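J.: The structure is given below, and queries will be raised subsequently.
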Amino acid sequence: MNSEKASVTVVVPVMNSEKSVARTFDSILIQTTKPAKIIVVYDRSRDNTLSIVKTYLRKYPELFTFVQGPGVNAGAARQEGIKIAKTEYIAFLDSDDSYVENALEILLANVEKTGAVCGLVCRVYADGSCKYQNTSANLEITHDDLKKSNPIPMSTTMYKHELLKKIGGFDLSLATVEDYDLHLRVTRITNYTRVKKVISFYYVHENPTQSWRTQGYAKWTAIIWLKHGFIDYSSIWKALAYSVTNILLVPVNIIRKLYRPKTRIFHYEYLQILAGYISGLARGYYHYNKN
């Protein structure tokens, strides 16, 4: 175990995470390679998150730094962390995720190759099962790769501080999917080194706003496409094809529901995604072409 502190800061945006934030902090504290700083960017919460954060601040005053967040989104919170970090490297971990015990060691061993590194994430479900992220054979992720999809979980990333400064960090004008925009701007300068090892765990939970998020994410994803001068037609076609298929299956599902009561008559998620893409393209086209 490397007991010395490495020149890395872990930035943790925190909001409404009383059930998970202690797990997040503990996963950083047990790292085989210790960070120099943990910057906690706290946005106003409706639960007991702040009192848990204060417990760690009192127990580890030299390691934890508390910052009041802007109350916008995770990207804006991470940007506050970038501003005050003083180390050579910066890693990001969301307050509902956690690291494997050698995450920082793995990332630090690979970040110098391109200045940006990412790994794999394991999605943990309520029943305790863990589904690993699929990955291609490529050991680097390029700008062209990101035009097809975003395979980079933010809680598996580490960057040279200098690189984040060079690209200006996160775009605060984006309401969401700001990580995708960051990845696209990073890969205009360098590629991501991809480590084929699990770096973090993402805990899947029911979200009452998931329907809005599905449409909202699609909308802002389309806006980002136009910001970077491309359109992912394959994603639009997929959403359209699934929407049409689900419409055609409505009569069949009505019959199925007679003997399988839990059968869903219509899966509206793809229709919401399609609507999100269309509204995002309309907004993005106006915004980036009005001049």
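J.: Tell me whether region 187-205 contains one or more residues that are small (Gly, Ala, Ser) and either touching a strand residue (DSSP E or B) at 6+ places or on another chain (Cβ under 9 Å) or in a loop (DSSP other than H, G, I, E, B) (or both).
T.: Within region 187-205, one or more residues are small (Gly, Ala, Ser) and either touching a strand residue (DSSP E or B) at 6+ places or on another chain (Cβ under 9 Å) or in a loop (DSSP other than H, G, I, E, B) (or both).
J.: Is there a residue in region 109-123 that is within 11 Å of ILE199 (Cβ to Cβ), small (Gly, Ala, Ser), touching a residue at least 24 places away in the same chain (Cβ under 8 Å) and touching a Phe, Trp or Tyr at 6+ places or on another chain (Cβ under 8 Å)?
T.: Scanning region 109-123 turns up no residue that is within 11 Å of ILE199 (Cβ to Cβ), small (Gly, Ala, Ser), touching a residue at least 24 places away in the same chain (Cβ under 8 Å) and touching a Phe, Trp or Tyr at 6+ places or on another chain (Cβ under 8 Å).
J.: Quick check on TYR89: is it buried (at least 17 other Cβ atoms within 10 Å of the Cβ) and modelled with pLDDT of 95 or more?
T.: yes
J.: Within region 172-179, identify whether any single residue is modelled with pLDDT of 95 or more, surrounded by 14 or more Cβ atoms within 10 Å (Cβ to Cβ) and at negative phi, and answer yes or no.
T.: Within region 172-179 (the criterion being modelled with pLDDT of 95 or more, surrounded by 14 or more Cβ atoms within 10 Å (Cβ to Cβ) and at negative phi), the answer is yes, since at least one residue qualifies.
J.: So, one more: Being in the same structural domain as CYS130 (by TED's automatic domain parsing) and either surrounded by fewer than 18 Cβ atoms within 10 Å (Cβ to Cβ) or among the polar types (S, T, N, Q) (or both): is that true of VAL53 here?
T.: no
J.: Right, another one. Could you say whether any residue in region 246-262 is surrounded by 18 or more Cβ atoms within 10 Å (Cβ to Cβ) and either at negative phi or not assigned by TED's automatic domain parsing to the domain that holds ILE106 (or both)?
T.: Taking region 246-262 first, the residues surrounded by 18 or more Cβ atoms within 10 Å (Cβ to Cβ) are 246.
The next check asks that each one be either at negative phi or not assigned by TED's automatic domain parsing to the domain that holds ILE106 (or both); those that pass are 246.
Yes, that holds for at least one residue.
J.: Give me the pairs: first residue in region 17-45 and part of a strand (DSSP E or B), second residue of a type in the set (D, E, K, R) and crowded, with 19+ Cβ neighbours inside 10 Å, beta-carbon distance under 9 Å, and six or more apart or on different chains, which are they?
T.: Qualifying pairs under 9 Å: ILE39/GLU80; VAL41/ARG78; VAL41/GLU80.
The values are calculated or read from the model by the stated rules, or taken from the named source; none is laboratory data. Owing to the predicted nature of the structure, the values given are computational and were not obtained by experimental measurement. We place every Cβ from the backbone using ideal geometry, glycine too, and count neighbours over all the protein chains shown.
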